[in-house]
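Asker: First the structure, then my questions, so here it is.
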Amino acid sequence: MSKGYIAIDWGSTNLRAWLYLNGELIDSRQSEAGVTRLNGRTAEQVFREVVAPWQQHDVPVIMAGMVGSNAGWMTVPYLPCPTRLTDLAGRLTRVEQAAPLAAWIIPGISIISGDNCNVMRGEETQLLGAYRSQPASLYLMPGTHCKWVRINHGVIDDFRTIMTGELHHLLMKQSLVGVGLSEQLPNPDVFRQGMEQGFKENHILRCLFETRAAHVLGQLDKSAVGEWLSGLLIGNEVAQMQRGWSIGDGETVTVIGNPSLAARYRLALSYAGLNDRLLDGDASFQAGIRSIVNELAR
């Protein structure tokens with residue numbers, strides 16, 4: 001695969017693709033045709049539309065994300081934990097419908113234990129790239145479904161999924177909490193106040209209706225409800241994971257993701273007495289794909 005490859009990050013709501021030739025990024029494309037937004041098209045049709053401008057290069061395609069789920073193009077089996085990150089390259093699934101291009105999907109990772117039943121798709125590729133550049137034992141991946149991951153010498157031992165981002169969206173857009181609000185504006189002070197409350201709170205469900213009551217009674221600016229709720233949820237998430245995973249004071253958490261969202265989590269980690277370092281999510285994904293391509297080229 002030394003002449004080049006196409007990398008595709010195909011999630012639920014978006015698709016992003018990159019063309020690499022001779023080790024250089026040549027072009028990229030982005031589409032809102034995630035696997036839940038195909039709008040009557042098949043995954044194969046979307047795939048061919050995306051790669052059509054690059055097909056003449058005749059390079060292989062490596063895909064990750066929800067494209068390999070039961071809601072995607074084809075179901076790719078999960079690798080069960082404990083899973084060594086370097087095992088990913090040897091467990092790709094060939095997509096025969098992509099011919100004449102050679103295309104593969106990276107497997108997701110699952111865990112079934114006494115108190116944890118979990119899956120990930122796409123994050124494993126970011127983790128591979130992140131571990132190659134910054135080996136660590138604890139990773140945090142903010143997003144719609146935030147992932148906390150424990151790694152021991154390159155082996156994923158445990159991970160948890162916290163639906164903080166999705167819960168915030170649902171509460172603001174589809175629940176009584178968000179009814180009657182004005183335009184939401186940035187407000188770092190209110191975010192921090194909500195975050196501090198989240199750290200104190202053991203009964204987060206009780207706080208959700210109180211958020212509505214606070215703006216109805218004039219105790220919380222209607223333009224800052226989203227900031228308060230974000231702080232409340234993120235603060236409580238970090239506090240619960242710190243306690244549940246016995247994360248000690250001064251331990252370093254490596255955050256992988258978008259810098260603006262990561263900044264909120266980094267503030268909460270600092271408040272919890274934890275150290276952190278930030279890795280860009282896109283760069284980590286690209287490094288993970290590149291690592292797999294290099295393994296296949298051997």
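Where a number appears in this text, it was derived from the coordinates with a stated rule and is not lab data. Source: prediction; values computed, not measured. Cβ coordinates were reconstructed from backbone atoms using ideal geometry, including for glycine residues, and neighbour counts include every protein chain displayed.
Asker: Using the count of nearby Cβ atoms within 10 Å as a rough guide to exposure, how do 159, 199 rank from fewest to most?
Answerer: Starting with the residue having the fewest Cβ neighbours, the order is 199, 159.
Asker: Here is a follow-up. Can you list residues whose amide H is under 5 Å from residue 151's amide H, if they're 5+ apart or on another chain and H is modeled 1.01 Å from N?
Answerer: Amide H to amide H, under 5 Å and 5 or more residues apart or across chains, residue 151 pairs with 138, 139, 157.
Asker: Long-range amide H contacts for residue 274: which residues qualify at under 5 Å (H placed 1.01 Å from N, peptide plane, sequence gap of 5 or more or a different chain)?
Answerer: Correct list: 250.
Asker: Another question, then. Given the Cα-Cα distance of residue 84 and residue 31 and 0.36 nm per residue of separation, how much length would full extension add, in nm?
Answerer: 15.9 nm
Asker: Moving to a separate point now. Return the sequence-ordered ³J(HN,Hα) values of region 102-118 in whole Hz as given by the Karplus equation 6.51 cos²θ - 1.76 cosθ + 1.60 applied to θ = phi - 60°, using x for Gly and Pro.
Answerer: 8, 9, 9, 10, 6, x, x, 10, 10, 8, 10, 9, x, 10, 8, 10, 8
Asker: Under 19 Å from the 7 Å Cα→Cβ point of residue 117, by amide nitrogen: which residues of region 17-37?
Answerer: none
Asker: Can you give the extra length, in nm with one decimal, that the chain gains between residue 38 and residue 246 once fully stretched, where that is 0.36 nm per residue apart less the Cα-Cα distance?
Answerer: 70.7 nm
Asker: What ranking do 50, 67 get, fewest neighbouring Cβ atoms within 10 angstrom at the top?
Answerer: By the 10 Å Cβ count, ascending: 50, 67.
Asker: Continuing with this model, one more query. For the chain, what is the mean residue ellipticity at 222 nm derived from helices alone (per DSSP H run of n ≥ 4: -39500 (n - 2.57); sum divided by total residues; nearest 500 deg cm²/dmol)?
Answerer: -11500 deg cm²/dmol
Asker: Spin-label point model (7 Å from Cα, Cβ direction): what's the residue 182 to residue 3 distance in nm?
Answerer: For the pair residue 182/residue 3, the computed spacing is 6.1 nm.
Asker: On to the next question. Which helices, counted as full DSSP H runs in the chain, have an axial Cα extent of no less than 27 Å and a Kyte-Doolittle average of -0.5 or above?
Answerer: Sorted by number, the helices that extend far enough and score high enough are 225-244.
Asker: Here is a further query. Averaging sequence separations of C-alpha pairs under 8 Å and six or more residues apart, then dividing by the length of the chain, give the relative contact order as a whole percent.
Answerer: Value for the chain: 16 percent.
Asker: Next question. Of the candidates 208, 15, 279, which one comes out as most mobile in a Gaussian network treatment of the chain with C-alpha springs shorter than 10 Å?
Answerer: 208
Asker: Also, quick follow-up: Using modelled amide H (1.01 Å from N, peptide plane; none on Pro or chain starts), what sits under 5 Å from the amide H of residue 258, excluding residues fewer than 5 places away?
Answerer: 281
Asker: So, one more: Tell me the relative contact order for region 245-298 as a rounded percent, counting alpha carbon contacts under 8 Å between residues six or more apart.
Answerer: The value is 38 percent.
Asker: Please sort 290-298, 108-116 by packing, taking for each peptide the average over its residues of neighbouring beta carbons within 10 angstrom, highest first.
Answerer: My ranking of the peptides, most packed first, is 290-298, 108-116.
Asker: So what are the ³J(HN,Hα) numbers for region 54-60, from phi and the Karplus equation (6.51, -1.76, 1.60; θ = phi - 60°), rounded to whole Hz, Gly and Pro as x?
Answerer: Values per residue, Gly and Pro as x: 10, 4, 5, 6, 6, 10, x Hz.
Asker: Taking a ≥ b ≥ c as the square roots of the Cα gyration tensor eigenvalues, with a/c under 1.5 meaning rounded and otherwise prolate when a/b beats b/c, else oblate, which class fits the chain?
Answerer: Prolate, since a/c reaches 1.5 and a/b exceeds b/c.
Asker: Note down the relative contact order for region 162-280 as a percent, whole number, built from C-alpha pairs under 8 angstrom at least six residues apart.
Answerer: Averaging sequence separation for qualifying contacts and normalising by length gives 27 percent for region 162-280.
Asker: Further question: What FRET efficiency, computed as 1/(1 + (r/R0)^6) with R0 = 22 Å and r the Cβ-Cβ distance, is obtained for residue 200 and residue 270, rounded to the nearest 0.05?
Answerer: 0.85
Asker: Can you pull the Kirkwood radius for region 151-203, inverse mean 1/r over Cα pairs, to one decimal in Å?
Answerer: After inverting the mean inverse Cα-Cα distance, the result is 14.3 Å.
Asker: By average Cβ neighbour count within 10 Å, what is the ranking of 229-238, 216-225 from highest down?
Answerer: Going by the mean number of other Cβ atoms within 10 Å, highest first, we get 229-238, 216-225.
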